[in-house]
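J.: Got a structure here, written out as structure tokens. Questions coming.
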Amino acid sequence: MTLSRRDLGFGLAAVAALAGALPASAQSSLSEADRAALNQAQSYLQGLTSAQGTFVETGAGGQRREGRFYLQRPGRMRFEYTTPAGLLVVADGSNVKRWDPRLEVFRQVPLSQTPLSTFLAREVRLDQGVTIERVTRMQSGAFAITARDARRPRDGQVILAFAGNPLRLQEWTITDAQGARTRTQLTTLQPAPGLAASLFRLTDPTRRPGRN
């Protein structure tokens, strides 16, 4: 069974999605100040190698989900939901896996086929394969980047919002190909060196001895 962006069930999958359908000329129209903000964002994301925090996700229908996340680049991430309790999404360096204990459904897809692959790459690039629609800057130093994936021109878009002074990823909003919006707010975010490798392992709980 395939695992779609909506199946992934969390916003950070699209931190890397940057998906949508803009002409390549949109990026060339950015001002120098816009490009400086982009460079700031890229450097920040590149430096975010090991972190943990909490999040609140609001879906298109107004449903609210909460939980904790763990990040270890390259390739590894974990979203551990407290509401709904037990829902897990784990990137283990090769695959992205999702376990929903309420439905007893386990799914996985190669990491390379998901938007997480860009964000979890060893080198984060916002200037390759990505079309930037606009950069919205504020006097406080905060800014937001609206971006789309040039390779998947009809998949939607993501808005990444950064707080300034000091720079910090604050939230993102994804609009999918059907126009449904999901907003994810990072309520806490802090460096977390030495995360346990076990956080980024998830075996299929439905595969028990004697079951096919």
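J.: Please list, ordered by chain and number, the residues whose modelled amide H lies under 5 Å from the amide H of residue 170; skip anything fewer than 5 residues away on the same chain.
T.: For residue 170, whose amide H was placed from the backbone, the distant partners under 5 Å are 161, 162, 163.
J.: Just the number please: accessible area per residue for the range 76-184, 1.4 Å probe, all protein chains included, in Å².
T.: I get 48 Å² per residue for this part.
J.: Can you tell me what the convex hull of the Cα atoms of the range 64-212 projects to on average, as an area in nm²?
T.: Taking the Cα atoms of the range 64-212, their convex hull projects to 10.9 nm² on average.
J.: Same structure, new question: Can you tell me the relative contact order of the range 33-135? Whole percent, Cα pairs under 8 Å, sequence separation 6 or more.
T.: Details: 161 pairs, mean separation 21.0, N = 103.
Once normalised by length, the contact order is 20 percent.
J.: Return the carbon/sulfur percentage of the accessible area of the range 56-129, one whole number, probe 1.4 Å, all protein chains in place. Numbers along the way, then the final one.
T.: On the way: 1430 of 3360 Å².
On the range 56-129, the fraction of accessible area on carbon and sulfur atoms equals 42 percent.
J.: Can you bin every Cα-Cα distance in the range 53-98 into 5 Å intervals starting at zero and give me the percent of pairs per bin, rounded to whole numbers?
T.: Result returned by the calculation: 6, 22, 26, 23, 15, 7, 1.
J.: If you don't mind, there's one more thing I want to ask. Once fully extended, how much extra length lies between residue 181 and residue 165, figured as 0.36 nm per residue of separation less the alpha-carbon to alpha-carbon distance?
T.: Gain on extension, residue 181 to residue 165, equals 3.0 nm.
J.: Principal axis lengths of the range 64-146 from Cα atoms, whole Å, largest first?
T.: 46, 28, 21
J.: If you count only protein heavy atoms and use a 1.4 Å probe, how large is the accessible surface of residue 104, to the nearest 10 Å²?
T.: 120
J.: For residue 206 and residue 123, what does the FRET efficiency come to when R0 = 41 Å and r is the distance between their Cβ atoms, rounded to the nearest 0.05?
T.: 0.70
J.: Kindly state, to the nearest 0.05, the FRET efficiency for residue 188 paired with residue 85, given R0 = 30 Å and r defined as their beta-carbon distance.
T.: 0.95
J.: Could you pull the accessible area for residue 106 with a 1.4 Å probe, rounded to 10 Å²?
T.: 40
The values are calculated or read from the model by the stated rules, or taken from the named source; none is laboratory data. No experiment lies behind these values; they were computed from the predicted model shown. Heads up, the Cβs are rebuilt from the backbone with ideal geometry, glycines too, and the neighbour counts pull from every protein chain shown. Calculation scope for accessible area: heavy atoms of the full protein, side chains included, ligands and nucleic acids excluded. Shrake-Rupley method; radii C 1.70, N 1.55, O 1.52, S 1.80 Å.
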